[in-house]
1. Let me know the shape class of the range 372-420, please: from the alpha-carbon gyration tensor, a ≥ b ≥ c as square roots of the eigenvalues, rounded when a/c is under 1.5, otherwise prolate if a/b is greater than b/c, or oblate.
2. Leaving out same-chain residues fewer than 8 places away, which aspartates and glutamates sit with a Cα under 20 Å from that of Lys341?
3. For a Förster distance of 35 Å, can you work out the FRET efficiency between the beta-carbons of His463 and Asp406, rounded to the nearest 0.05?
4. If I stretch the segment between Glu31 and Glu511 completely, what's the gain in nm (0.36 nm per residue apart, minus their alpha carbon distance), one decimal?
5. Could you tell me the largest-minus-smallest coordinate of the C-alpha atoms of the range 612-739 on each of the three principal axes, in descending order and whole angstroms?
6. Roughly how many debye, to the nearest 20, is the charge dipole of the range 471-625 about its Cα centre, given +1 on each Lys and Arg Cβ, -1 on each Asp and Glu Cβ, and no other charges?
7. Dipole of the chain (Lys/Arg Cβ +1, Asp/Glu Cβ -1, origin at the Cα centre): which of Leu151, Ile557, Gly237 lies farthest to the positive side?
8. Among Phe278, Phe324, Gln301, whose Cα projects farthest towards the positive end of the dipole of the range 271-332, with charges put on the beta-carbon of Lys, Arg (+1) and Asp, Glu (-1)?
Amino acid sequence: MQNLYADVIVEISHEKLDRSFQYAVPEQFRERINIGSRVLIPFGKGGKLIKGYVISLTDIPAIDVKRIKDIADLLSKEDNASPEEQLVSLAVWMKRHYGGTLIQSLKVVLPVRAEVKEKTRRIVKLILPAAELAEKLAEFSRKKQKARVRLLSALAECREIDYSLLRDRLNISLSVVRQLADMSVIDVEEVQEYRRPAIYDELSDKRFSLSSEQQDIVDDFAADYDMGIRTPSLIHGVTGSGKTEVYMEIIAHVIERGGQAIMLIPEIALTFQTVMRFSRRFGDRVTYLHSKLSPGERYDQILRAARGDVDIVIGPRSALFTPFQRLGVIIIDEEHETSYKAENVPKYHTVETAAERARLAGAALVLGSATPSVDSYMHAKRGEYKLYELKERINKSTLPEVHIVDLRDELRAGNRSVFSGKLKELIEDRLNKKEQVMLFLNRRGMAGFVSCRKCGHVIKCPHCDVSLSLHRNKRLVCHYCGYEEAFDQTCPECGSKYIGTMKAGTEQIEELTLKTFPGARVVRMDADTTKKKDDYQKILSSFAEGEADILVGTQMIVKGHDFSNVTLVGILAADLSLYVNDYRAAERTFALLTQAAGRAGRAEKKGEVVIQTYSPDNYAVKAAAKQDYIDFYEEEIGYRRLCNYPPVGHILKILIEDPIEEEACRMAEKLYEISEETAAGNVIGPAEDSISKIRDIYRYALYVKNEDYEKLVLVKDACEEWRLSHNIGKSTVQFDFDA
């Protein structure tokens with residue numbers, strides 16, 4: 001029989017061990033071992049047994065067969081915490097595309113068993129024959145053993161009872177139960193009980209009455225799915241057009257065909273209302289995963305999914321790696337959201353990674369958004385995605401009326417308040433009508449850009465369509481081409497001294513709101529007010545139930561929430577996201593403004609929106625006011641083509657960090673040389689990163705541009721190979737594609 005060898009990655013977090021080690025597969029394991037199997041292997045000089053993952057199988061030895069050790073054990077299904085072969089394959093794909101170590105990718109995709117005890121419950125069963133039951137009851141009564149009598153009387157009516165009920169309602173101690181078990185009167189069975197995060201609602205048989213647009217999408221998807229067609233789909237629907245109802249019908253069809261579904265949402269704050277809606281339709285076959293769950297709750301939900309006890313898992317991007325055995329569809333709601341981009345190594349893009357997971361599982365991928373990412377919409381325009389459109393709101397409700405307020409005019413009129421005259425007037429009107437208001441501060445990426453409050457001018461790079469960032473040395477720097485200039489603290493357009501970085505915070509806005517509208521009930525929702533497990537749910541529930549008049553918050557309040565009594569949305573400073581040093585600034589601003597505007601007037605009451613900005617003529621602001629995605633896309637993709645930005649071209653950011661600045665510079669210069677050789681000169685930098693120092697760690701960055709994504713992967717590979725072969729200093733290197 002031909003020998004079989006397994007390439008194994010060890011379960012140790014160390015970059016020097018980011019390679020596979022070959023082991024011989026003993027004959028007793030050959031029929032059961034697969035890619036993704038978790039094994040015990042002798043490792044190191046002492047032969048200590050450690051755990052590892054099989055990443056490939058071969059009959060060709062990589063080294064002298066005399067030096068190849070045998071696999072010690074193949075972990076059983078109960079002990080094997082790894083999911084199927086596809087998740088290990090996905091980790092290998094992620095390492096290839098996004099860098100980092102294979103161990104880092106494996107830790108992202110594989111569910112880690114928490115150090116928690118399994119939760120169990122005791123079921124007490126009557127095993128005494130019926131003929132002998134009366135005798136025992138009479139005996140215990142005669143001996144005045146009241147607890148035994150209560151227990152047997154209860155079991156006479158119901159032969160199986162949860163011990164917790166016997167304890168709490170009948171005051172039966174565990175010792176009494178054990179005594180009767182020793183007498184072979186009863187039996188006690190311990191069964192596992194899952195820790196279920198409590199959001200479940202009552203199951204409803206109500207089915208949605210879909211519009212013709214919605215039904216056409218569901219029918220077309222179902223036809224393709226049944227024929228085995230797995231082309232990714234993009235549902236572009238205006239805010240309030242009923243995308244969630246379409247998702248549920250798609251999932252229902254997949255479940256009917258024996259499949260399971262992963263439903264991704266961009267924010268933990270959306271979990272409550274999403275799970276409520278899905279559980280009304282699908283009952284307890286729905287669960288969810290996110291970082292606010294306890295380790296025990298999270299582990300139990302992963303276990304339920306792996307065992308097939310649930311059909312649908314809802315959650316942010318980490319839920320993508322749910323170990324379903326029959327995955328049929330992955331749905332990514334609000335697919336444009338930046339929260340779908342991982343911030344830690346590997347810095348993966350959820351949409352791209354979901355497409356690969358769907359391919360490995362033979363599942364369908366469905367993306368949905370009122371403001372699709374430019375990348376996804378371009379794929380749809382090219383025919384790489386199937387494009388569906390929902391052009392009308394459900395129940396024929398109208399889109400809100402949008403007012404654009406020029407903050408320069410407010411300043412000229414002497415109004416230095418955060419509230420324009422128009423917004424203040426409309427807030428007072430809504431308070432009088434007992435209607436609700438949302439005040440949105442789009443703070444994301446606000447650090448760095450410089451603008452004039454008098455004329456609205458933003459200092460931009462003369463060579464790139466991005467703003468310049470203000471560094472600590474009072475230099476304005478472009479992080480796309482390296483251009484820089486001095487900052488002299490006066491506006492180059494009008495000479496005003498009202499120039500500087502824009503700064504604001506939700507806490508300040510909350511205080512100003514209470515001061516300006518003293519009778520209003522105000523609640524704030526941001527990172528500071530949602531630190532505890534149930535904070536999201538409590539804030540949103542109180543607002544939905546009318547316990548507050550005004551909700552102040554960051555982007556987490558405008559993503560998918562549906563409040564029927566909200567008739568006014570105020571966007572306080574559109575420029576906070578419009579002019580950051582990021583080629584996607586206009587895209588993200590358009591999405592934020594459109595999504596925020598979409599929260600108003602979602603029921604029968606008409607909605608209004610106020611957008612406050614220093615740039616009322618900006619194409620992103622104007623398109624958002626009209627809720628016109630096509631108009632925005634056509635102009636935005638034109639700028640991307642001019643500058644060769646993604647998705648037309650591609651960019652790789654290489655970030656170098658070191659506690660010694662000179663070492664960070666030295667590493668950056670070396671990686672610049674490697675990148676330039678590999679990418680034929682399309683390299684920018686190195687220079688200080690936009691945040692040049694964090695916790696005494698110096699940060700330098702360089703950017704590599706190329707139309708060919710695979711060329712950038714080769715750059716990443718070359719840099720990683722050099723870094724691993726030269727153990728110099730304490731520099732760490734991270735790679736971020738299309739950052």
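The values are calculated or read from the model by the stated rules, or taken from the named source; none is laboratory data. None of the values given here were measured: they were computed from a predicted structure. Here the Cβ is made from the backbone with ideal geometry for all residues, glycine too, and neighbour counts use every protein chain on show. What goes into the accessible areas is simple: the full protein's heavy atoms, side chains included, and nothing from ligands, DNA or RNA. Shrake-Rupley method; radii C 1.70, N 1.55, O 1.52, S 1.80 Å.
1. Numbers: a/c = 5.71, a/b = 2.09, b/c = 2.73.
Taking the square roots of the gyration eigenvalues as a ≥ b ≥ c, the range 372-420 is oblate.
2. Answer for Lys341, where 20 Å is the Cα cut-off: Glu267, Asp333, Glu352, Glu356, Asp375, Asp526, Asp582, Glu587, Asp689, Glu710, Asp736, Asp738, listed by chain and number.
3. 0.75
4. Gain on extension, Glu31 to Glu511, equals 166.1 nm.
5. Each principal axis gives a Cα extent; for the range 612-739 these are 55, 34, 18 Å.
6. It works out to roughly 180 debye.
7. The residue sitting farthest along the positive end of the dipole is Leu151.
8. Comparing the listed Cα positions along the dipole, Phe278 ranks first.
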